[in-house]
Amino acid sequence: MTETAYSLVHTIPSVETYRHLRTAAGLSGKTVEAASRGLPNSLFAVQVLCAGEPVGMGRVIGDGGAFYQVVDIAVLPEHQGRGLGKMIMAAISDFIAREVPESAYVSLIADGEAYRLYQQFGFALTAPASQGMALKKTAG
């Protein structure tokens, strides 16, 4: 059995890569317009490559001072279960430790059982003290 070689690169994904990784990993789709507007505003982004092809990603967005949000943690299904989510979160955790000022609030929304991964990097459930809320703009 051959070990698959993965590498981590600190770069924002292209619009096409971003949209593909999100939907293929089971996250909600984003329009070309939304991705084109949002991606350049990333504070930090990483991609995991396998044979030069992106198979995972993660980003940090926010105002660069008081508030940050971890978003877009996505790994293609055929590459899941190999520690790539941990690799992505380790890079994000290093960014947070290095660049985020004291008193800043770093948040994320964990889908399903993903909270277990994020807990390994110091994130804690906020309920019942606070509840996550969202407003999703849809076409129409």
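The values are calculated or read from the model by the stated rules, or taken from the named source; none is laboratory data. Since we're looking at a predicted model, the values are computed, not measured. Cβ coordinates were reconstructed from backbone atoms using ideal geometry, including for glycine residues, and neighbour counts include every protein chain displayed. All accessible areas refer to the heavy atoms of the entire protein, side chains included, with ligands and DNA or RNA removed. Shrake-Rupley method; radii C 1.70, N 1.55, O 1.52, S 1.80 Å.
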Just wondering, is there one or more residues in region 91-112 that are of a type in the set (A, V, I, L, M, F, W, C), touching a Gly at 6+ places or on another chain (Cβ under 6 Å) and at pLDDT below 95?
yes
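Here's the yes/no breakdown for (1) over 18 Å from P13 (Cα atoms); (2) within 11 Å of the chain's Cα centre (by Cα); (3) of a type outside the set (V, I, T):
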residue	(1), (2), (3)
S28	no, no, yes
E33	no, no, yes
L43	no, no, yes
V48	no, no, no
M57	no, yes, yes
I88	no, yes, no
A97	yes, no, yes
A127	yes, no, yes
Which members of region 1-57 meet the condition of being of a type outside the set (A, V, I, L, M, F, W, C), assigned to a loop (DSSP other than H, G, I, E, B) and open to solvent by less than 40 Å² (accessible area, probe 1.4 Å)?
P13, S42
Residue identified as of a type in the set (D, E, K, R), assigned to a loop (DSSP other than H, G, I, E, B) and exposed (fewer than 14 other Cβ atoms within 10 Å of the Cβ) among E102, E78, E113:
E102
Out of (1) outside any loop (DSSP other than H, G, I, E, B); (2) open to solvent by less than 40 Å² (accessible area, probe 1.4 Å); (3) more than 16 Å from L117 (Cα to Cα), what's the single condition that is false for I61?
(2)
Residue within region 85-99 that is surrounded by 13 or more Cβ atoms within 10 Å (Cβ to Cβ) and aromatic (F, W, Y) present:
yes
Kindly indicate whether any position in region 118-126 is open to solvent by 30 Å² or more (accessible area, probe 1.4 Å), assigned to a helix (DSSP H, G or I) and closer than 27 Å to Y6 by Cα.
yes
